[in-house]
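Chemist: Take this structure, written in structure tokens, and hold onto it; I'll ask about it next.
Read-outs: derived from the displayed coordinates by stated rules, not from any lab. Quick caveat, the model's predicted, so the values are computed rather than measured. Every residue, glycine among them, receives a Cβ derived from its backbone with ideal geometry; neighbour counts consider all protein chains shown.
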Amino acid sequence: MDDITGLEPLATFCGECNCGCPQLFVDPNAPADRRVLLTDDFGQRVQMSVDQFASLVEEAKAGKLDGVATA
């Protein structure tokens, strides 16, 4: 993603290369249903609400996403 002006960075996933690793941002100026922004290393982006992101975090903490990391 080229323009990150006004976005608050939360996390970078990978970080071991200069290939444009996936990143997680909060966009304080976005509508509430699009406040959390996840970018990938291909220039795509997913926007979701804080509630949707909280649900994703809850599922990850419960181990429901563990199989993805080992696939």
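Chemist: If you place +1 on the Cβ of every Lys and Arg, -1 on the Cβ of every Asp and Glu, and leave all else neutral, what size is the dipole of segment 7-71 about its Cα centre, to the nearest 20 Debye?
Modeler: Here the size comes out at about 80 debye.
Chemist: Would you compute, from DSSP H runs of 4+ residues alone, the mean residue ellipticity of the chain at 222 nm, taking -39500 (n - 2.57) per run and dividing by the full residue count, rounded to the nearest 500?
Modeler: Here the helix-only value at 222 nm equals -6500 deg cm²/dmol.
Chemist: Which values of log₁₀ I(q)/I(0), to two decimal places, follow from the Debye formula for the chain at q = 0.13, 0.21 Å⁻¹ with a uniform point scatterer at every Cα?
Modeler: Cα-only, vacuum Debye calculation for the chain: -0.42, -1.01.
Chemist: For the chain, which chymotrypsin sites (Phe, Trp or Tyr not before Pro) are in a loop by DSSP, counting at most 14 other Cβ atoms within 10 Å?
Modeler: Taking the chain and a limit of 14 other Cβ atoms within 10 Å, the loop chymotrypsin sites (Phe, Trp or Tyr not before Pro) found are 13, 42.
Chemist: Say the dipole of the chain comes from +1 at the beta carbon of Lys and Arg and -1 at that of Asp and Glu; which of 69, 24, 56 then lies farthest toward its positive end?
Modeler: 56
Chemist: For the pair residue 64/residue 50, report the inter-label distance in nm, with labels modelled 7 Å from Cα in the Cβ direction.
Modeler: Using points 7 Å along Cα→Cβ, the separation is 2.1 nm.
Chemist: Find, among the trypsin sites (Lys or Arg not before Pro) in the chain, those assigned to loop by DSSP (not H, G, I, E, B) with at most 11 other beta-carbon atoms within 10 angstrom.
Modeler: 64
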